[in-house]
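Taking it in order: structure first as structure tokens, then the write-up.
The values are calculated or read from the model by the stated rules, or taken from the named source; none is laboratory data. Computed from a predicted structure; not experimentally measured. Heads up, the Cβs are rebuilt from the backbone with ideal geometry, glycines too, and the neighbour counts pull from every protein chain shown. In case anyone asks, the SASA skips ligands and DNA or RNA and just uses the protein heavy atoms, side chains included. Shrake-Rupley method; radii C 1.70, N 1.55, O 1.52, S 1.80 Å.
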Amino acid sequence: MLLLVRHERLSFFVDSVETVPEGWRLRGEPGYHPKHWARPGDRFDRACREHGRMERPVDLVVVELTGAYAIVAGTGGDLLRPDDIVSGQRPVDDTGRAADRLRRPPDATGFLAQLLGLPALTAGTGAGLDWSPIESELGVTLPGDYKTFIDAYGAGVLDDHVHVCAPNAEHDSADLMYNNAYAQECLRPEFAGPEGPSGDWHLGDASRWSADRSDIPSWFQPGDNVILWGYTGHGDFLFWHVKPDIVPDEWPVVLKERGPCWERYGTGFSATLTGLLTGEIQSEYLSRLLGGPHTYGH
């Protein structure tokens, strides 16, 4: 057996605060996937506003938690305000589950289709696309699991929130090249800074970056790139992190939320979506919106 110890993140988004005999009743909703909701006895040790602003320590023990409220006791509850986020973590011992969490193509692609209630992947599923012109324009070969999924099921919307793009889509809202170009255009001012160069330039060109790298994630290095494959209903971008020395099937997925924050998952297209849908991957911005039942529509 493989024993892994990790920490699950816990959070609750506060809409209102009411004093009760046990302490405080927080109206709102839990963060993350339901399997990662806080349980009685878990602790929230910090409170903040969106994007970590105005962070301050608290010591709140969960007495009860549902999808609509949390009852907490301890210290700091009297200072909570609507739109606060309380968060903490708990240790988890995983035995023999690493393989499930790190599903790789092609297993993850078939499992993803199963989770979404799509027809099973079989030889010849879908009409298939001519990927050569798209890959030539992008200058890279795209990951095989993504191409398998798109060949079989096309562009669509996952759980009415995650838009998965495809080449040559009927509408711009679903087109891979259109949305990738738009996302790159949005990122260049962040990488270059407010006084940086405009125009069409490769994100990996470090000569155009702002000197302080304040909005460039630490894992993004000169020569790297990102290619968009999806976006959310909240305006967040889903990319592959493209590194010149990493083969496409091993490109990790990164989420760029509408503000300045990034999340990097370390797994590819199918494995990341599978992990998000099962709760094995935690996203501060996606998980609570992907609790099921799971769908994929056009």
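Details
- Length gained on full extension, residue 107 to residue 181: 23.6 nm, using 0.36 nm per residue less the C-alpha separation.
- Bridgeable lysines around residue 256 (alpha carbons under 16 Å apart, same-chain partners fewer than 8 residues away excluded) are absent.
- Estimated [θ] at 222 nm from DSSP helical runs (n ≥ 4, -39500 (n - 2.57)) normalised by residues in the chain, nearest 500: -5500 deg cm²/dmol
- Set of lysines with alpha-carbon distance to residue 147 below 16 Å, sequence-local pairs under 8 removed: none
- Farthest positive-ward along region 186-298 dipole, Cα basis, beta-carbon charges - from 234, 191, 281: 234
- With only Cα atoms counted, the chain has Rg and Dmax values of 20.8, 66 Å.
- Mean separation of Cα contacts under 8 Å, 6 or more apart, over the residue count of the chain: relative contact order %: 19
- Working note: Karplus 6.51/-1.76/1.60 with θ = phi - 60° gives region 19-27 the couplings 6, 10, x, 6, x, 9, 9, 9, 7 Hz, where Gly and Pro are set to x.
- Rounded percent of accessible protein surface that carbon and sulfur make up, the chain, 1.4 Å probe: 51
- Whole-number accessible area per residue in Å² for the chain, which is evaluated in the context of all protein chains at 1.4 Å: 48
- If only the Cβ of Lys and Arg carry +1 and only the Cβ of Asp and Glu carry -1, the dipole of region 1-78 around its Cα centre is close to 280 debye.
- Test item: Cα-centred dipole of region 153-297, Lys/Arg +1 and Asp/Glu -1 on Cβ, debye: 160
- Within the chain, the selection of entire DSSP H helices by a Cα span of 20 Å or greater along the long axis and an average Kyte-Doolittle value of at least -0.5 returns 176-192.
- Backbone N within region 175-191 under 16 Å of label point (7 Å from residue 212 Cα along the Cβ vector): 190-191
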